[in-house]
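Data first, discussion second: the structure below is written as structure tokens.
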Number of protein chains: 2
Amino acid sequence: MKIEDLKTPAFLIDRPRLKANIEMMKARAQKHAVSLRPHVKTHKTAQIAGMQTSSEAPGITVSTLAEARFYQKSGFKDITYAFPITANKLQEAAELTAGLPDFNILLDQPQTLSAVAAYAREHGIRFNVFLKVDCGYHRAGIDPSKPASVELARQLAAADGIEFKGILTHAGHSYHCSNPAEIVKVAEQERDVTAQFAVRLQENAIACDTVSVGSTPSAMHAPDWRGVTEIRPGNYVFFDKFQADIGSCRPQQVAATVLTTVAAHYPAHNQMLIDAGALALSKDLGADHLGGDIVFGAVVNQPDLKISSISQEHGLITADDPIAFDKFPVGSLLQIIPNHSCLTAALFPLYHVVEDGRIVDEWTPMRGW
Amino acid sequence: MKIEDLKTPAFLIDRPRLKANIEMMKARAQKHAVSLRPHVKTHKTAQIAGMQTSSEAPGITVSTLAEARFYQKSGFKDITYAFPITANKLQEAAELTAGLPDFNILLDQPQTLSAVAAYAREHGIRFNVFLKVDCGYHRAGIDPSKPASVELARQLAAADGIEFKGILTHAGHSYHCSNPAEIVKVAEQERDVTAQFAVRLQENAIACDTVSVGSTPSAMHAPDWRGVTEIRPGNYVFFDKFQADIGSCRPQQVAATVLTTVAAHYPAHNQMLIDAGALALSKDLGADHLGGDIVFGAVVNQPDLKISSISQEHGLITADDPIAFDKFPVGSLLQIIPNHSCLTAALFPLYHVVEDGRIVDEWTPMRGW
């Protein structure tokens with residue numbers, strides 16, 4: 001089957017680029033002697049997670065407990081659930097802990113530590129727990145400069161029913177950067193803040209085996225990972241317009257596009273209608289901090305075209321100059337580079353894997369919570 | 001099962017409000033002597049579509065061909081696919097035309113008319129076709145003031161293999177309004193532009209049986225529908241923050257919320273972390289044209305709390321004044337009114353139906369294209 005035979009909208013994965021991205025990140029991890037525990041929330045498929053891991057580096061990171069269950073069923077044995085656990089999720093976490101050789105949760109609240117320890121005591125199990133650290137993003141995690149944070153680590157290490165695994169951070173503020181030089185600084189901050197906190201824990205006689213950092217931009221541009229033991233990038237398998245715009249990747253590395261059909265021409269408004277709207281692209285605004293027009297993706301090889309507005313199933317393409325409508329006949333196909341491939345991929349029940357213009361495979365992602 | 005027993009995030013439907021919204025719109029259609037052909041893209045379930053329709057008013061509107069197939073299998077017999085058809089979708093449209101008593105497509109391009117007519121001729125079938133009219137939204141549709149638009153209708157009415165069903169518009173610019181008075185004006189424009197175009201077609205000896213208008217805000221506030229035969233609102237089953245903000249509905253009518261868990265407190269940043277992010281809420285910005293802070297939903301009964309940023313599975317709640325953290329313990333539940341319920345609902349594989357705090361049903365929506 002060829003691309004032209006697909007129903008639109010469709011989510012396309014360029015297999016050669018996907019493979020190259022996966023090998024690139026494996027090589028970076030190897031060069032810098034850190035474990036790669038990819039965040040699989042970007043794609044949520046067994047196939048890509050299989051390509052990202054190996055018997056030597058089997059670990060993955062997930063964003064929901066449903067992902068953890070899906071990957072458990074798919075044969076993965078070493079999973080970190082990278083959202084702070086809460087009491088109402090402990091039964092599921094306990095089942096995963098019992099059913100997997102390695103299942104890790106994380107927390108950053110004293111109340112949650114109490115809840116985890118109480119659950120473990122009551123049910124006679126032992127949770128693997130990371131302490132979530134805020135390295136400057138200010139979305140989640142303890143403040144490593146505070147004595148209370150060392151105290152929380154101490155309580156984690158001392159608690160019955162808890163195996164303290166180490167510390168974990170995510171430099172999500174790398175997405176606020178505008179260029180590689182800025183990303184390098186965030187990557188250094190991510191590395192230094194966590195590595196220094198690990199040293200501080202050791203100075204306080206608290207063993208901290210794993211020092212885990214994340215984010216694709218910082219993983220792409222970190223000069224080294226001294227003091228870090230693990231990295232958890234996710235988006236790098238596909239990349240997207242956002243990553244290319246901030247210089248996290250090159251445009252030629254983007255491996256995911258949305259196939260769409262030109263449905264109508266409206267020369268009076270200098271607009272074209274496409275059948276990719278908010279449910280095919282997501283309403284992510286991309287790297288809007290860079291300024292310029294808000295667009296909902298980029299049309300492959302057509303830098304003058306702007307996806308300027310989207311509603312549920314409708315997308316509108318405009319341009320600053322008159323559109324050369326003859327180049328894009330009604331019924332013809334376009335490929336769109338998504339602003340944020342994780343959110344775009346999550347909208348599709350099926351991915352089409354492409355090589356040399358042919359559909360070589362179909363992968364079904366998991367969904368829900 | 002109670003709300004507190006659900007995994008979070010979860011999509012909740014308040015059944016009494018849902019029923020009231022459905023009856024309210026049926027009553028409006030009846031009072032004004034128009035057919036109600038609800039747009040079911042908002043929920044994509046057989047159950048709600050069943051509540052919205054009856055043996056006397058069986059018609060529904062869908063946004064994708066996959067929805068059309070789903071509703072065909074669910075026993076619905078009268079379906080309008082309200083996105084301009086393209087040549088690459090004609091085989092599917094033909095299958096639906098053959099398999100349903102009434103299946104309607106629409107177009108607004110001369111090239112598409114040629115493609116439809118050619119397909120019909122070649123395959124010996126007859127398509128039911130609407131002419132899509134632009135009543136001022138400028139997203140899609142012919143300009144009714146142009147002679148070429150009458151000519152396109154004439155060609156539709158004359159074409160072999162095409163049953164010309166009438167004209168159809170969607171006043172999506174009702175969503176740009178700021179209050180009911182402005183919505184009334186858009187509703188009058190939607191009504192008048194389409195009704196007048198229908199008269200013009202009749203003056204040109206072109207029969208136009210159906211005059212169909214859409215949009216929930218205009219359907220809520222149209223003073224009457226003189227010259228219109230059919231309305232196609234969709235969002236009204238749930239409503240949402242957007243509809244309430246522009247005065248399309250009252251806040252007490254909103255029937256859909258997202259249940260989420262408070263995962264962490266960060267007093268130093270005056271923030272709370274919740275487990276509802278972009279995949280549970282969508283990144284729709286809501287009625288941002290009204291000004292004020294960008295938020296990604298409203299917390300039920302907590303007007304001071306702002307969902308100020310979301311990433312894939314993380315949501316951050318802030319407030320202008322210090323948050324009363326004790327009121328929202330770690331592990332406790334909140335309900336969020338989504339900015340745009342259609343896009344939010346589309347993210348959930350399952351809906352939980354609630355009455356008096358108890359889960360009384362579960363409905364599974366369809367997905368994909």
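Amide H neighbours of B:I359 under 5 Å, counting only residues 5+ apart in sequence or on other chains, H built in-plane at 1.01 Å?
Residues meeting the amide H criterion: B:K2, B:I3.
If the convex hull of the alpha-carbon atoms of region B:170-276 is projected onto planes in all directions, what is the mean projected area in square nanometres?
On the way: hull surface 35.6 nm².
Taking a quarter of the hull surface, the average projection is 8.9 nm².
List, in order, the whole-Hz ³J(HN,Hα) value for each residue of region A:27-32 obtained from phi through the Karplus relation with A = 6.51, B = -1.76, C = 1.60 and θ = phi - 60°; use x for Gly and Pro.
Here the 3J(HN,Hα) series is 5, 4, 5, 5, 4, 9 Hz.
Modelled label-to-label distance, A:Q91 and B:N179, 7 Å Cα→beta-carbon offset: nm?
In this crude spin-label approximation the distance works out to 5.0 nm.
Please report the relative contact order for region B:14-113, taking Cα pairs under 8 Å with a sequence separation of at least 6, and give it as a percent rounded to a whole number. Could the numbers behind the result be given before it?
On the way: 113 pairs, mean separation 20.2, N = 100.
Averaging sequence separation for qualifying contacts and normalising by length gives 20 percent for region B:14-113.
With every protein chain present, what is the per residue accessible area of region B:249-315 (1.4 Å probe, Å²)? Can you show the working numbers first?
Values: 2200 Å² over 67 residues.
For region B:249-315, the per-residue accessible area is 33 Å².
Checking buried surface per residue: for region B:50-86, which residues lose a minimum of 20 Å² accessible area in the protein assembly relative to the chain alone (1.4 Å probe)?
Buried-area filter returns B:S63, B:F83, B:P84, B:T86.
Which percent, nearest 5, of DSSP beta bridges in chain A are antiparallel?
On the way: 28 of 59 bridges.
Among the beta bridges of chain A, antiparallel pairing accounts for roughly 45 percent.
Give me D for region B:263-330 in µm² s⁻¹, whole number, from Stokes-Einstein with Rh from the Kirkwood sum over alpha-carbon pairs, 37 °C and 0.692 mPa s. Present the calculation step by step, with values, prior to reporting the outcome.
On the way: Rh = 12.3 Å.
Result for D is 267 µm²/s.
Based on the Cβ-Cβ distance from B:R154 to B:H123, what FRET efficiency comes out when R0 is 35 Å, to the nearest 0.05?
Details: r = 24 Å, r/R0 = 0.68.
Step by step, r from the Cβ atoms, then E = 0.90.
Using the 2.2 N^0.38 Å rule of thumb for compact globular proteins, work out how chain A stacks up: its C-alpha Rg over that value, please. Numbers along the way, then the final one.
Values: Rg = 22.0 Å, N = 369, 2.2 N^0.38 = 20.8 Å.
Normalised Rg, Cα atoms only: 1.06.
Tell me what chain A gives for mean residue ellipticity at 222 nm when only DSSP H runs of n ≥ 4 count, each as -39,500 (n - 2.57), the sum divided by the residue total, rounded to 500 deg cm²/dmol.
Rounded to the nearest 500, it is -9000 deg cm²/dmol.
Between A:D192 and B:D304, what is the FRET efficiency for a Förster distance of 30 Å, r being their Cβ-Cβ separation, to the nearest 0.05? Spell out each step's value before the answer.
Working: r = 37 Å, r/R0 = 1.23.
The calculated FRET efficiency here is 0.25.
Please state the relative contact order of chain A as a whole percent: Cα pairs under 8 Å, 6+ residues apart? Numbers along the way, then the final one.
Numbers: 803 pairs, mean separation 73.6, N = 369.
Reported as a whole number, the value is 20 percent.
Along Cα→Cβ at 7 Å, what distances in nm separate the B:G291 label point from those on the other copies, shortest first?
2.5
Is region B:9-109 rounded, prolate or oblate when judged by the Cα gyration tensor, a ≥ b ≥ c being the square roots of its eigenvalues, rounded requiring a/c under 1.5 and prolate requiring a/b larger than b/c? Don't jump to the answer; show the numbers that get you there.
Details: a/c = 2.04, a/b = 1.54, b/c = 1.33.
Prolate.
Could you run the Karplus curve 6.51 cos²θ - 1.76 cosθ + 1.60 with θ = phi - 60° over region A:289-299 and give me ³J(HN,Hα) per residue in whole Hz, x for Gly and Pro?
Values, residue by residue: 5, 7, x, x, 5, 6, 10, 10, x, 10, 7 Hz.
Where both residues lie in the protein assembly as shown, what percent of DSSP beta bridges are antiparallel, nearest 5? The partial results should precede the final answer.
Values: 56 of 118 bridges.
Taking every DSSP beta bridge with both residues in the protein assembly as shown, the antiparallel ones total about 45 percent.
If you put +1 on each Lys and Arg Cβ and -1 on each Asp and Glu Cβ, how big is the dipole of the protein assembly as shown around its Cα centre, in Debye rounded to 20?
840
From the C-alpha gyration tensor of region A:46-98, pull out the three semi-axes of the equivalent ellipsoid (sqrt of 5λ each), sorted largest to smallest, in whole Å. Walk me through the numbers before you get to the answer.
Numbers: eigenvalues 88, 21, 18 Å².
Values for region A:46-98, descending: 21, 10, 9 Å.
Expressed in nm², what is the orientationally averaged projection area of the convex hull enclosing the Cα positions of region A:190-348? If you can, show how the numbers build up before the last one.
Working: hull surface 44.4 nm².
Taking the Cα atoms of region A:190-348, their convex hull projects to 11.1 nm² on average.
Starting from the Cα of A:A324, move 7 Å in the Cα-to-Cβ direction to define the label point; list residues of region A:278-318 whose amide nitrogen is under 12 Å from there.
What the label zone holds, given the 12 Å backbone N cut-off, is A:302-305.
In the protein assembly as shown, what is the volume of the convex hull around the alpha carbon atoms, normalised per residue and reported in Å³? Please list the in-between numbers first.
Details: hull volume 109.7 nm³, N = 738.
Enclosed volume per residue, from the Cα hull, is 149 Å³.
Label-to-label distances across copies for A:P110, with labels 7 Å out along Cα→Cβ, in nm, shortest first?
In nanometres, ordered from closest: 7.6.
With a 1.4 Å probe on protein heavy atoms only, work out how much accessible surface B and A bury together, total over both chains, in Å² to the nearest 100. Spell out each step's value before the answer.
Details: alone 15930 and 15970 Å², together 27170 Å².
By this definition, chains B and A bury close to 4700 Å².
Ignoring any ligand, DNA or RNA, what whole percent of the accessible area of region B:207-326 comes from carbon and sulfur when the probe is 1.4 angstrom? Each step should come with its number before you reach the end.
Numbers: 1850 of 3810 Å².
Within region B:207-326, the accessible surface is 49 percent carbon and sulfur.
May I ask you to derive the relative contact order of region A:215-322, considering only C-alpha pairs under 8 Å and at least 6 residues apart, and to give it as an integer percent?
Working: 162 pairs, mean separation 21.3, N = 108.
Answer for region A:215-322 is 20 percent.
Could you give the nm distance between label points at B:S332 and A:A27, where each point is 7 Å from its Cα heading toward the beta carbon?
5.3
Can you list the distances in nanometres, one decimal and ascending, from the B:S332 label point to the identical position in each other copy, with the point 7 Å along Cα to Cβ?
Result, one decimal in nm: 5.9.
Check the axis relating chain A to chain B and name the residue of A whose C-beta is nearest, distance in whole Å.
Spelled out, residue of A and its Cβ distance from the axis onto B: A:K283, 2.
For a 29 Å ceiling on Cα separation, which of these pairs sit above it: A:K7/B:K77; B:K7/B:K327; A:K26/A:K185; A:K132/B:K41; A:K77/A:K283? Can you show the working numbers first?
Values: A:K7/B:K77 24 Å; B:K7/B:K327 21 Å; A:K26/A:K185 22 Å; A:K132/B:K41 40 Å; A:K77/A:K283 34 Å.
Pairs exceeding 29 Å: A:K132/B:K41; A:K77/A:K283.
Roughly how crowded by other chains is peptide B:353-366, in terms of the mean Cβ count from those chains within 10 Å of each of its Cβ atoms? If you can, show how the numbers build up before the last one.
Numbers: counts 0, 0, 0, 0, 0, 0, 0, 0, 0, 0, 0, 0, 0, 1.
For peptide B:353-366, the averaged partner shielding equals 0.
The values are calculated or read from the model by the stated rules, or taken from the named source; none is laboratory data. Just so it is clear, the structure is predicted and the values come from calculations on it, not from any experiment. Cβ coordinates were reconstructed from backbone atoms using ideal geometry, including for glycine residues, and neighbour counts include every protein chain displayed. Ligands, DNA and RNA are stripped out before the accessible areas are found, and what is left, the full protein with its side chains, is counted by its heavy atoms. Shrake-Rupley method; radii C 1.70, N 1.55, O 1.52, S 1.80 Å.
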